[in-house]
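So the structure is just underneath, and the comments pick up after that.
The values are calculated or read from the model by the stated rules, or taken from the named source; none is laboratory data. Remember, it's a predicted structure, so these values are computed and weren't measured experimentally. Every residue, glycine among them, receives a Cβ derived from its backbone with ideal geometry; neighbour counts consider all protein chains shown. Each accessible area value is taken on the protein alone, full model and side chains, heavy atoms only, with ligands, DNA and RNA left out. Shrake-Rupley method; radii C 1.70, N 1.55, O 1.52, S 1.80 Å.
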Amino acid sequence: YQRRVRDRHSTSFQMAAVSLNFLTDDGESHAPSLGLNAQLAPHFMVPQGNPQHFLATAHEGAAKADKLEFAHGTTTLAFKFNDGIVVAVDSRSTQGPYIASQSVKKVIEINPYLLGTMAGGAADCSFWERQLGRECRLYELRNKERISVAAASKILAGYCYSYKGYGLSMGTMVAGWDKTGPQLFYVDSDGSRLKGHKFSVGSGSTYAYGVLDRYYREDLSAEEACELGRRAIYHATHRDAYSGGTINVYHVKEDGWVKISADDMMTLHDRYTADAPN
């Protein structure tokens, strides 16, 4: 780096050389003294070489206490019906057994007609779906029309497949309305891409599927469909410790998506238990 030295009569530059030899991957610290006998802790080392090898050794070769454990928990769902698509999610973020946040926005608003959901690694889902939003906008500017839901989901699947084996953790749904009508796709971090009528992703998805499979119909009214999505997420948050917080419901219609509600799951618990028969 450059260091500028000023005095009363002149300005000159001096070059200071910094050795980076201490950034090795042999597991030992080789930090320079810095005058305080400081040592660089091994677990703060910058990973070198192949990221796949680094992740494999971090999971399998380290002591149990130092392992990298990516524990995820969430419940997201989306389903098609005659009047569009309902998307419902919880808002809890967990770090293993700890609740990191109760207010995570798990529906990513890609554009006024496209929604994406977040399950897995929050950073991975957020980054790549926001990148998808930029690609969708560029497509509109180049072609003077909105991108189709199928094409948008294909772009996202391409991103994921390009980084397959590099540690991405994503289980997302892309929902939207294009000139072919409402469309719903599932995309995960392996690059898989599935088209369907209803999906649920996350640690609480089995509980949500139980409610969906029992009460889902294509001829639901918009109000009934939103209530079904809300209730399915509520039951998942009630049974799954890694899901909870606020239940957010969106409705994707021909003229774009609308956020229907954001209800605290404990408020819904009081309402539903009061309505339940004794």
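As an exercise: evaluate Arg214 against (1) surrounded by 20 or more Cβ atoms within 10 Å (Cβ to Cβ); (2) free of Cβ contacts under 8 Å to residues at least 40 places away in the same chain and give the number of the one condition it does not meet.
(1)
Restricting the search to segment 105-152, which residues are open to solvent by less than 80 Å² (accessible area, probe 1.4 Å), free of Cβ contacts under 8 Å to residues at least 24 places away in the same chain and among the aromatic types (Phe, Trp, Tyr)?
Passing the criteria: only Tyr139.
Against the definition (without any contact (Cβ under 8 Å) to a residue 60 or more places away in the chain and open to solvent by 50 Å² or more (accessible area, probe 1.4 Å)), how does Tyr163 come out, yes or no?
Yes; evaluated as a whole, the condition is true for this residue.
Could you check how many residues of segment 236-249 are surrounded by fewer than 21 Cβ atoms within 10 Å (Cβ to Cβ) and either under 11 Å from Val211 (Cα atoms) or basic (Lys, Arg) (or both)?
1
Restricting segment 195-211 to residues that are of a type outside the set (A, V, I, L, M, F, W, C) and closer than 8 Å to Thr75 by Cα, which is most open to solvent (accessible area, probe 1.4 Å)?
Ser203
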